[in-house]
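Everything on this sheet refers to the single structure shown next.
The values are calculated or read from the model by the stated rules, or taken from the named source; none is laboratory data. Everything numeric in this text was worked out from a predicted model, so none of it was measured. Positions of Cβ are backbone-derived with ideal geometry, glycine not excepted, and every protein chain shown enters the neighbour counts.
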Amino acid sequence: MMKKEKAVVVFSGGQDSTTCLFWAMERFEEVEAVTFDYNQRHSLEIECAQKIAKELGITHHILDMSLLNQLAPNALTRSDIAVEDGEDGELPSTFVPGRNLLFLSFAGVLASQIGAKHIVTGVCETDFSGYPDCRDVFIKSLNVTLNLSMDQSFVIDTPLMWLNKEETWELADQLGAFDFVREKTLTCYNGIISDGCGECPACKLRKKGLDDYVSRRQVLK
Ligand code: ZN
């Protein structure tokens with residue numbers, strides 16, 4: 001039933017959004033991807049996203065969001081700001097205020113232009129750094145706002161919302177994309193593809209989930 005519909009996936013070339021891309025390709029007849037260029041620390045992130053979209057034959061939109069960096073310089077956009085976990089309830093240095101609000105709003109405008117009903121994003125409330133704009137309540141609220149603002153009936157899909165990293169690997173595996181996601185995606189804050197530097201918070205989170213999933217899979221076999 002859903003197969004006839006069209007989706008746009010918010011896509012960074014990382015583990016989560018690549019898994020979402022495979023999830024969308026299984027469900028929707030037409031899938032396009034959108035990547036936001038906000039002067040990420042590593043332009044490699046954009047290159048990685050382009051490469052993956054090309055390999056999967058997905059129409060790929062890259063939108064200039066350098067405005068975001070101008071407004072809110074942070075550890076993801078500036079190499080002179082260290083990547084640090086938040087402590088004592090503080091947000092981590094990688095938090096960009098309003099990022100998902102802006103990204104998903106622009107994704108909504110794009111969806112309206114290309115006739116996509118679904119907007120897919122890899123945001124996740126579980127096991128994350130507590131970014132407020134990754135929470136389910138925010139996504140639901142924005143979904144209503146987007147629909148009211150454009151008189152549309154978009155559906156924002158968040159397939160990873162309640163999954164931890166281990167379960168995200170499991171989902172990739174179920175979609176037949178485990179090796180693809182492991183080898184071709186970039187999650188590392190130091191810009192190293194696949195298993196990454198192993199030291200940064202993103203690598204540690206990714207590796208722990210991977211190790212947990214791989215050992216569980218071995219037990220199941
Ligand atoms: Zn890393």
Practice item. Answer yes or no: is there a residue in the range 91-105 that is without any contact (Cβ under 8 Å) to a residue 12 or more places away in the chain and either under 30 Å from Ser215 (Cα atoms) or not acidic (Asp, Glu) (or both). Key: no
Review point. Are there any pairs, at least 6 apart or on different chains, whose C-beta atoms fall under 9 Å, with the first in the range 182-199 and within 17 Å of Leu171 (Cα to Cα) and modelled with pLDDT of 95 or more and the second of a type in the set (Val, Ile, Thr) and more than 9 Å from the ligand (Cβ to nearest atom), and if so, which?
Key: Glu183/Ile193; Lys184/Thr18; Lys184/Ile52; Lys184/Ile193; Thr185/Thr18; Thr185/Thr19; Thr185/Ile52; Thr185/Ile193
Study note, to complete from the structure: Log entry, pairs with first residue in the range 130-151 being within 17 Å of Phe106 (Cβ to Cβ), second being hydrophobic (A, V, I, L, M, F, W, C) and in a helix (DSSP H, G or I), beta carbons closer than 6 Å, six or more apart or on different chains, reads Asp133/Leu101; Leu142/Leu104
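Results for (1) farther than 18 Å from Val123 by Cα; (2) at pLDDT 95 or above; (3) part of a strand (DSSP E or B), shown as yes or no for each residue.
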site	(1), (2), (3)
Glu26	yes, yes, no
Val34	no, yes, yes
Asn39	yes, no, no
His60	yes, yes, yes
Practice item. Would you check which residues across the range 1-24 are part of a helix (DSSP H, G or I) and farther than 20 Å from Ser194 by Cα and list them? Key: Met2, Lys3, Lys4, Ala24
Review point. From the list Val181, Val219, Val214, which one is in a helix (DSSP H, G or I) and surrounded by 18 or more Cβ atoms within 10 Å (Cβ to Cβ)?
Key: Val181
Exercise for review: Would you confirm whether any residue within the range 30-48 is of a type in the set (D, E, K, R) and under 21 Å from Ser153 (Cα atoms)?
Suggested key: yes
Point to revise | Per-region count, the range 202-211, residues more than 7 Å from the ligand (Cβ to nearest atom) and crowded, with 17+ Cβ neighbours inside 10 Å | key: 4
Exercise for review: Report, ordered by the first and then the second residue, all pairs with beta carbons closer than 6 Å, sequence separation of six or more or different chains, a first member in the range 159-174 that is of a type in the set (Phe, Trp, Tyr), and a second member that is buried (at least 21 other Cβ atoms within 10 Å of the Cβ).
Suggested key: Trp169/Tyr213
Review point. Somewhere in the range 161-169, is a residue within 16 Å of the ligand (Cβ to nearest atom), in a helix (DSSP H, G or I), of a type outside the set (Ser, Thr, Tyr) and within 26 Å of Leu44 (Cβ to Cβ)?
Key: yes
Check your understanding: Within the range 177-190, can one find any residue that is within 11 Å of Gln15 (Cβ to Cβ), within 9 Å of the ligand (Cβ to nearest atom) and out of contact with any strand residue (DSSP E or B) (no Cβ under 8 Å at 6 or more places or on another chain)?
Key -> yes
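Yes/no matrix, rows are residues, columns are (1) modelled with pLDDT of 95 or more; (2) surrounded by 15 or more Cβ atoms within 10 Å (Cβ to Cβ):
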residue	(1), (2)
Val96	no, yes
Leu104	yes, yes
Ala107	yes, yes
Ser112	yes, yes
Val120	yes, yes
Cys134	no, yes
Thr145	yes, no
Asp157	yes, yes
